[in-house]
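The values are calculated or read from the model by the stated rules, or taken from the named source; none is laboratory data. Every value quoted in this text rests on a predicted model; they were computed, and no experiment measured them. Note that each Cβ is placed from the backbone with ideal geometry, even for glycine, and that neighbours are counted across all protein chains shown. With ligands, DNA and RNA removed, areas are computed over all heavy atoms of the protein, side chains included. Shrake-Rupley method; radii C 1.70, N 1.55, O 1.52, S 1.80 Å.
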Amino acid sequence: MSTPVNLPALGESVTEGTITRWLKSVGDAVEVDEPLLEVSTDKVDTEIPSPVAGTLLEIKAEEDETVEVGAELCVVGDEGEGGGDESGAAEPEAQPKDEAESEKKAAQEEEHAAETGELPDGDETPESEKDDARAEDEPAAEQAASDDEPAPKKSSGGGGTPVTLPALGESVTEGTVTRWLKSVGDEVAVDEPLLEVSTDKVDTEIPSPVAGTLQSISVEEDETVEVGAELCVVGDGSAASDSDDEPEPEKEPEAEKEPEPEPEAQKEPEQEEPAAEPEPEKREDPVKAEPAAEETPAPTKQDKQEQPSGGSSSGAQSSGGSSGGQSSSEGGTYVTPLVRKMAAEHGVDLSSITGTGVGGRIRKQDVLAAAESAKQASAAPAAEEPAAESAPAASESTPSPLRGKTEKVSRLRKVIATRMRESLQTSAQLTQVVEVDVTNIARLRDKEKADFLAREGVKLSYLPFFAKAAVDALKSHPALNATFDLEAGEVTYHDSENVAFAVDTEKGLLTPVVKDAGDLSIAGLAKKIADVAQRTRTNKIGPDDLSGGTFTITNLGSVGALWDTPIINKPQVAILGPGTVVKRAVVIDDPNLGETIAVRHMVYLALTYDHQLVDGADAGRFLQDVKGRLEAAKFDV
C-alpha cells in the first residue's frame, strides 16, 4: 500500500516550505526515518524523513517549489505499485499482424503475376521486395528513433525530471537564484548541486534529484521565484547513456558498407570531440560549465571523473583530470567545486576530512571546521597571548581573493542589513556598561571544567554563567523580557525566558533560541547552547529553534572584544553583550588588608535596551543584579 508523505508543521507561524533538494530519486529504496528531501523555511533548513520503508514511487513537489504545510511531497510504497510502461508490449502485437498481411498480399501478387504476367494495377513493386526494403530500412529507422527518444527517456516516466524551488524556511515564500553551477547540456550526478538559491535567512545549494543531463533552465540568475516554481529540467542519466551507446554499433555496419572515408569521419570527431554532435555534448559541458561556475578547473575535473563510469571512450580524458580531482576520487564521494575552492583558500586537505553530508559528502561546514581546528592547533602554544599573536598572524596571512572585486550582496546579508536598520529606526536604543569581577567564577571553572567535560560532554565556558545570571535577573525585571508595540499601545511581558544566542556562521549572523532557559541549570544551558550553535553552523537547525526569542545574548568575548554596543533583535527590547574576560590589576577591599591592588579576572557587560519601554534606571538595576550574581559565583555546576 502506498503512503503519501506530506510537509509537516515546521515551526511557529510556518505556513509553507521550499524543497531545496531531493535526497532520493523515483525508484530508490528507502528505510523508515531515512531522509527523503531537504526543506527550507525562512528560519531553517531541515530534512523530511520517510514514514515507512519501501520505494519512492512518485515525487509530487519538485526542487525549489514552495508548498504549504500539509501538501503532498511524494509517495512511498511497494516497488510494484508504480505500474509499468505498456507501450513496448503493444508494438510486438501489431507486428505479427502486419507480417501476416504482407505474406498474404505477396502470395496474391505471385498468383496474379503467374496468371497474367503482370503485377496488380497501381503496384509495380513485388511485396517480397518491399519486405527486403523494409528490412534494410528498419536499422536506420530504429537508429533515427533512438536519436529522437533520449529526451523522453531521460526520466523514469518519459520526459525530464523538473527541479523546483523547495520550502526553505518558516514563512519563506520565495527565493532568488544567485548562481547556476551547471549549464544546459551539462551532465549531473544525483545530489550534485545545480544552482545556488538565496532567501532572507539562508543561502543554499539546490541539488539534482536524478542523474542525467541538464536539459533546460527555466529561471535565470538574479531572478526571484516563488516556492514550488520550476527551476530547470534534468533528464535521466542512465537513459541517456543507453541511447548514446545503442546507435554506435548500428552506425558501424553502415560505415563498413561505405568507402574508407566514412570510418575516417568517425575518427575525426573522437580527436576533435568538441566539434562532434552526439557525444561531444558530454565533453563540451565542462567548457560550458566553466564560465557559469566561474571556476575554470573545478567543473572540468568533476565531469572528467564522472565520465569513466559512463563509458570507456572517456577513460583517456579522465586520466588527465584525475590528479586534479583526487579530493573527490580518494574519498569516494562527490566534492562540489565550491567546497574545493574553499578548501584551497583555507589550505585544507579534503582527503583528511570525513564528510557529514548525505552519503558522507563533504560540505562547506566540514571544510570550515577543519580550517578552524587547524587554526586552533597552531594558535594553542600562544593562547595566553592572543593580542601579541594577532599582529604577526595578520602579516603572515595571504591576501583575500575578494580584494579588488565587486560582487552582489547575498540575500541573507540584505535581510540582516534591513532588519538592523529597521531596529535602529523603530526603537530608541542606548547601551549601558558595567564592569564585573568574575575571579570566583574563573576559579570555579578551573576546578570543575575537567569533570564537567567528562560528565556532560561539552566544555564549561563563561557563557553559561552569564546566561544563567541574566535569565535569573529577567524573572525580577520583566520589562527587559517583553515585547513593545507602540502602534497598538501594548506591552507583552513574557512568562518564560526564551534566550536567543547570536551565532556567527559562514553566511552571516543567526540567532537560534534556547527555549525556557530560565528552567535550566548551568549544565543544561551549556549543553543547549553548544547544541543550537553546532546545528546552526552545520545548517541543521530547525525553524522552531530560530524563532520565539524574548531576550538575546551576543558573546562579544568570542572575538576578543572588550565591549560593544549591540543592536536589539526586534521585536525584543534588550540584548546583553558580555565581553572577553581579561586579567587586570584592580583595587579591591580585603577584609584584612583593606584597600589593596590585586590581579583579578574582569569582564564588561554591555546592555542595549529600548528606551521606549526600559528606562536607564531599570537597565541599571538589571545589570547590578546580574553583576551581583556573577561576583558571588553561587552556581551549581
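Structure notes:
- Residue in the stretch 582-597 that is buried (at least 17 other Cβ atoms within 10 Å of the Cβ), aliphatic (A, V, I, L, M) and modelled with pLDDT of 95 or more present: no
- Matching residues, the stretch 523-577, being farther than 27 Å from Tyr604 by Cβ and among the charged types (D, E, K, R): Asp531, Arg535, Lys540, Asp544, Asp545
- When the stretch 27-68 is filtered for residues that are under 17 Å from Asp191 (Cα atoms) and of a type in the set (Ser, Thr, Tyr), the ones remaining, listed by number, are Ser40, Thr46.
- The residues on offer are Ala530, Ala502, Ala517, and the sole one that is hydrophobic (A, V, I, L, M, F, W, C), touching a residue at least 40 places away in the same chain (Cβ under 8 Å) and touching a Phe, Trp or Tyr at 6+ places or on another chain (Cβ under 9 Å) is Ala517.
- Filter pass, Leu486 being at pLDDT below 95 and not charged (D, E, K, R): yes
- Residues located in the stretch 408-431, provided they are touching a helix residue (DSSP H, G or I) at 6+ places or on another chain (Cβ under 8 Å) and buried (at least 18 other Cβ atoms within 10 Å of the Cβ): Gln429
- Qualifying residue in the stretch 85-96 (condition: open to solvent by 60 Å² or more (accessible area, probe 1.4 Å) and at pLDDT 75 or above): no
Yes/no per residue for (1) modelled with pLDDT of 50 or more; (2) over 20 Å from Val190 (Cα atoms); (3) surrounded by fewer than 15 Cβ atoms within 10 Å (Cβ to Cβ); (4) touching a helix residue (DSSP H, G or I) at 6+ places or on another chain (Cβ under 9 Å):
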residue	(1), (2), (3), (4)
Ser312	no, yes, yes, no
Gly315	no, yes, yes, yes
Ser328	no, no, no, yes
Gly331	no, no, no, yes
Thr336	yes, no, no, yes
Gly347	yes, yes, yes, yes
Gly359	yes, no, yes, no
Arg363	yes, no, no, yes
Leu368	yes, yes, no, yes
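- Test: residue in the stretch 172-189 that is assigned to a loop (DSSP other than H, G, I, E, B), at pLDDT below 80, under 22 Å from Thr538 (Cβ atoms) and touching a strand residue (DSSP E or B) at 6+ places or on another chain (Cβ under 7 Å): yes
- Within the stretch 426-481, the set of residues being of a type in the set (Gly, Ala, Ser) and within 27 Å of Asp615 (Cβ to Cβ) comprises Ser427, Ala428, Ala467, Ala469, Ala470, Ala473, Ser476, Ala479.
- Residues satisfying the stated conditions in the stretch 468-508, i.e. within 13 Å of Ile575 (Cα to Cα) and surrounded by fewer than 17 Cβ atoms within 10 Å (Cβ to Cβ): Thr483
- Residue list for the stretch 189-218, restricted to those being open to solvent by 10 Å² or more (accessible area, probe 1.4 Å), touching a Leu at 6+ places or on another chain (Cβ under 7 Å) and of a type in the set (Val, Ile, Thr): Val202, Thr204
- Filter result (more than 33 Å from the chain's Cα centre (by Cα) and at pLDDT below 95) within the stretch 455-471: Arg455
Per-residue answers, yes or no, for (1) more than 22 Å from Asp544 (Cβ to Cβ); (2) crowded, with 23+ Cβ neighbours inside 10 Å; (3) touching a residue at least 24 places away in the same chain (Cβ under 8 Å):
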position: Thr18; (1), (2), (3): no, yes, yes
position: Ser25; (1), (2), (3): yes, no, yes
position: Glu34; (1), (2), (3): yes, no, no
position: Asp42; (1), (2), (3): no, yes, yes
position: Thr46; (1), (2), (3): no, yes, yes
position: Val52; (1), (2), (3): yes, no, yes
